[in-house]
Amino acid sequence: MLYIVKYSGPFGFIKPWTAVRDEEVYSQQFLTPSIIGGIERKLFPELLNEDWGIFKIKGHRLTYSQISQQQEQTQPRGWNVKGQGSNKEFSRPYSILKRGVLVNPTLYLAFDSKEDAEIASKQHLCLSRNEDMLYPDSDILEFSTQQFNEDEEMFSGFELVFEENDDSFLVGYNRMHKNQPMYGWLRTLGNPVKTFY
């Protein structure tokens, strides 16, 4: 039995691991292991002392109504140096990134402990930036793992399954765990892009 908490909000930001190349990979629609691990540590701060891993969240599902493309101006940390001696010039060029904001996201988090689900259901969370908050429904849903993975009406959405197999692809490098590569395969259930909310 899984105990499932539903979170929703008007918008949510997921920082793509690919940054500039996200237009090719479109990683906005799934959550990486490092994002789920970060959410887990926000909900359960006692896990901050543990070695890296995902301990309490047994599954998730993300859906939204659209992705709004936003532009963000960035600068590299380093400096470019031109010239020599007193003619030396230092500069930091600007660049523009396109990043997506999820409009009307809904996120389901599944736990195998009712106690963990109750703790999670009393807290807000954010996907990647603190100003983009998702708030929990007060009701905790109880479904079997099979229902959570097959009920297209109730749990449609995207879930990156954190396994390495023939369908897996590289989704980034986990800077919380020695920059280890992160792999997963995308489970798409029902219609993940909502037409009503």
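Each reported figure results from applying straightforward, stated rules to the coordinates on display, with no laboratory input. From a predicted model like this one, the values you see are computed outputs, not experimental measurements. All Cβ positions, glycine included, derive from the backbone under ideal geometry; neighbour counts span all protein chains shown.
The table below gives the values:
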item	result
Exposure proxy ranking, count of Cβ atoms within 10 Å, fewest first, for Leu47, Leu125	Leu47, Leu125
Within the chain: Cβ-based charge dipole about Cα centre, in debye rounded to nearest 20 (Lys, Arg +1; Asp, Glu -1)	1260 debye
Phi to ³J(HN,Hα) by Karplus 6.51 cos²θ - 1.76 cosθ + 1.60 over segment 101-114, Hz, x for Gly, Pro	10, 6, 9, 6, x, 10, 10, 9, 10, 10, 10, 9, 10, 5
Gyration tensor (alpha-carbon) shape descriptor, the chain, a/c threshold 1.5	prolate
Listed residues Asn179, Asn87, Asn104, most fluctuating in the chain (Gaussian network, C-alpha, under 10 Å)	Asn87
Difference of contour (0.36 nm per residue) and Cα-Cα distance, Ser65 to Asn191	44.3 nm
Built amide H within the under 5 Å cut-off of Phe11, gap 5+	Asn104
Gaussian network model of the chain, springs between alpha carbon atoms under 10 Å - residue of Leu43, Leu97, Leu62 with greatest fluctuation	Leu97
Cα gyration tensor shape of segment 96-197, rounded if a/c is under 1.5, else prolate or oblate by comparing a/b with b/c	rounded
Amide proton proximity set for Leu31, modelled H, under 5 Å, gap of 5+	Leu160
Amide hydrogen neighbours beyond the local backbone of Ser113, cut-off 5 Å, H modeled	Tyr3
Degrees separating the helix 33-43 axis from the principal Cα axis of the chain, which is the longest one	70 degrees
